[in-house]
Amino acid sequence: RQHHSLYVQYSPLTPCYYQNLKQMVDQRHYLGCSTKSEEKTSTIVDSICLGSGRFLRSVLIPSLNAGNLHPVVFQTRGRTFLDYCHNSNTNDEITYEVDTVNYDGSAETKSIPIYGAGTLGTALGKEAAIDLLQHQMTNIRVIGVGVTEAGLSSCDSKAMIDLTDILRTCYEGIIIRKTLKCDNPNGRICVINTDNVSLNGDVIRGHVLEIAKMVQQLQQDEQHMQGEEGTISFIEFLEKGGGVAFHNTMVDRITAQREGSNGMVPRCEPVPSKALVIEDLDSDLPPLMSTDEMREKFGVVVRSQKNQLDADIALKLRVANGTHTAAAHTMALSSLPLTDCLSSSSSPGGSLIMQYLDALFSSQILAGAAEEYGSEETQAVYDDWRRRLCHPHFGLSSFFITQNGAAKGGIRLAPTLRSLAMQNKVGAADAGVHFVIGTVLRIHFCLPYSLFLESLSMIYRSLLMLQWHLQWRRFFAF
């Protein structure tokens, strides 16, 4: 009940005690683009981003700007981003910086405009977000969500409760008070997530619906949930085909931080070909998000057919993430701290590891994925990833990449092993994947070197037994 008490308080049928948005600005819980022209600025805002993570700031918000959208950013906890905006901007304009390190070593800094910044970490900050929707904005088109995997882990997370409150306010404005509209092609608010969680749009919809149903049971007042007679309920508004489109997405841009910026300035590789892939089966997105220019300049790829996004995610896990795991664990055991050595021909260790990755891909990853995803597409993904991995001026810590490697290794390597076993290719393949698994065991389970070598043999024998088991299962099924 405590988790959802704020949700009840925001109802138009209960007393409202919001302070004036100007007071929120004065108390530094919200920063508008200009206090002198606050009304004009607020009415052009048509997108709200929950979270201020580096993925969201370096990938989603630049694409929203390019799509002629006008986002505001609310940090989910704390106020570091809000204070950064207060301290580094004037009242006339709010921007934040993003560094891009090019392949020739030059660094390019862009100032990304936003139209407001706030925090959901304080009661007044959250009231400012609700007030913005209730009394300032006239159009809501996109809600960006970048709250880390922990924020999507449960309907009890603060991020999901805040999102439900904001969607509830959108519902009241569009359906009940009719002070808001959504100018998207099908009139649906597009929720776009930048956390690499499988089926993240479906996960968010499930959490929000669960919260809404819990609140409905606590209130035991169907009329309060439904509004005027003949209108849809909030739960119907959230369900598939209602007033909100929860898009499944994939994000892929290597992003660190500028040294000394305390995480406020993302430091990124050049925009890859698939920086943000959005599944849009019903054409709900704003039209400018699907243009060729958006794809070429910002790496935004819109998938309009079922299973296309699944293939993108599968190839990212198998090819990019799988070889990244292989490289990082081998480098960590070889005392190679940064991945930029992979681009140097003068580094014997880096050159040897790249030969190892090329052989791992061609003999095992490609062999396992080609039948399901096609040789050309799989090869294209590896070629693009290899170029990014060999960036000579953008090295990442191999020890950082190996964090949680035991869990990640299973997700990234198991699909390849299963495909090889199903296709009877385990015996024909070399020991590449077996070596990767051995390095994961060596680092995360502290295997002595003698047991590390023995584990390679055990892994290989286990895979042969798995292949034999799958063959007999198919035989008996036939």
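Before we move on, is GLY368 touching a residue at least 24 places away in the same chain (Cβ under 8 Å), part of a helix (DSSP H, G or I), under 23 Å from PHE435 (Cβ atoms) and of a type outside the set (D, E, K, R)?
Answer is yes for this residue.
Please indicate, with yes or no, whether at least one residue in region 323-338 is touching a strand residue (DSSP E or B) at 6+ places or on another chain (Cβ under 7 Å), modelled with pLDDT of 95 or more and not in a helix (DSSP H, G or I).
Within region 323-338, not a single residue is touching a strand residue (DSSP E or B) at 6+ places or on another chain (Cβ under 7 Å), modelled with pLDDT of 95 or more and not in a helix (DSSP H, G or I).
Looking for whichever is within 20 Å of GLY187 (Cα to Cα), of a type in the set (Gly, Ala, Ser) and either touching a His at 6+ places or on another chain (Cβ under 9 Å) or at pLDDT 95 or above (or both) here; the options are GLY144, GLY125. Which one fits?
That would be GLY144, the only listed residue that is within 20 Å of GLY187 (Cα to Cα), of a type in the set (Gly, Ala, Ser) and either touching a His at 6+ places or on another chain (Cβ under 9 Å) or at pLDDT 95 or above (or both).
Mind listing just one residue for me: the one in region 215-250 that is assigned to a helix (DSSP H, G or I) and modelled with pLDDT of 90 or more and, of those, most open to solvent (accessible area, probe 1.4 Å)?
GLU236
Of all residues in region 122-150, which are of a type outside the set (A, V, I, L, M), open to solvent by 10 Å² or more (accessible area, probe 1.4 Å) and in contact with a Ser or Thr (Cβ under 7 Å, 6 or more places away or on another chain)?
Passing the criteria: GLN134, GLN136, THR138, ARG141, GLY146.
Would you confirm whether any residue within region 124-144 is in contact (Cβ under 8 Å) with a residue 12 or more places away in the chain, more than 22 Å from the chain's Cα centre (by Cα) and over 26 Å from PHE237 (Cα atoms)?
Scanning region 124-144 turns up at least one residue that is in contact (Cβ under 8 Å) with a residue 12 or more places away in the chain, more than 22 Å from the chain's Cα centre (by Cα) and over 26 Å from PHE237 (Cα atoms).
Identify all residues within region 251-288 that are open to solvent by 10 Å² or more (accessible area, probe 1.4 Å) and either part of a strand (DSSP E or B) or polar (S, T, N, Q) (or both); write none if there are none.
Result: THR255, ALA256, GLN257, SER261, ASN262, ARG267, SER273, GLU279, SER283.
For region 180-198, name all the residues that are touching an Asp or Glu at 6+ places or on another chain (Cβ under 9 Å), more than 22 Å from GLY67 (Cα to Cα) and either open to solvent by 40 Å² or more (accessible area, probe 1.4 Å) or at pLDDT 95 or above (or both).
ASN196
Could you tell me whether region 158-174 includes any residue that is open to solvent by 10 Å² or more (accessible area, probe 1.4 Å), modelled with pLDDT of 95 or more and either on the phi > 0 side of the Ramachandran plot or more than 24 Å from the chain's Cα centre (by Cα) (or both)?
Yes, because at least one residue in region 158-174 is open to solvent by 10 Å² or more (accessible area, probe 1.4 Å), modelled with pLDDT of 95 or more and either on the phi > 0 side of the Ramachandran plot or more than 24 Å from the chain's Cα centre (by Cα) (or both).
Could you tell me which numbered condition THR100 fails, if it satisfies all but one of (1) modelled with pLDDT of 95 or more; (2) more than 23 Å from the chain's Cα centre (by Cα)?
Of everything listed in (1) modelled with pLDDT of 95 or more; (2) more than 23 Å from the chain's Cα centre (by Cα), THR100 misses just condition (2).
Can you list residue pairs whose Cβ atoms sit under 7 Å apart, with the first residue in region 298-323 being crowded, with 23+ Cβ neighbours inside 10 Å and the second being part of a loop (DSSP other than H, G, I, E, B) and not hydrophobic (A, V, I, L, M, F, W, C)? Count only pairs 6 or more apart in sequence or on different chains.
Correct list of pairs: LEU309/ASN248.
Would a scan of region 338-361 turn up a residue that is open to solvent by less than 30 Å² (accessible area, probe 1.4 Å), farther than 25 Å from VAL101 by Cβ, of a type in the set (Ser, Thr, Tyr) and touching a residue at least 40 places away in the same chain (Cβ under 8 Å)?
Scanning region 338-361 turns up no residue that is open to solvent by less than 30 Å² (accessible area, probe 1.4 Å), farther than 25 Å from VAL101 by Cβ, of a type in the set (Ser, Thr, Tyr) and touching a residue at least 40 places away in the same chain (Cβ under 8 Å).
List pairs: first residue in region 42-65 and touching a residue at least 12 places away in the same chain (Cβ under 8 Å) and within 11 Å of VAL147 (Cβ to Cβ), second residue of a type in the set (Val, Ile, Thr) and in a helix (DSSP H, G or I) anywhere in the structure, Cβ distance under 7 angstrom, at least six positions apart or on different chains.
That search, which allows pairs on different chains as well, returns CYS49/ILE61; GLY53/THR148.
Confirm whether THR76 is modelled with pLDDT under 95 and open to solvent by less than 70 Å² (accessible area, probe 1.4 Å).
So THR76 fits the description; yes.
The values are calculated or read from the model by the stated rules, or taken from the named source; none is laboratory data. Computed from a predicted model, the values in this text were never measured in an experiment. With ideal geometry, Cβ positions are generated from the backbone for all residues, glycine too; neighbour counts draw on all protein chains shown. Keep in mind that these areas ignore ligands, DNA and RNA; they rest on the heavy atoms of the full protein, side chains included. Shrake-Rupley method; radii C 1.70, N 1.55, O 1.52, S 1.80 Å.
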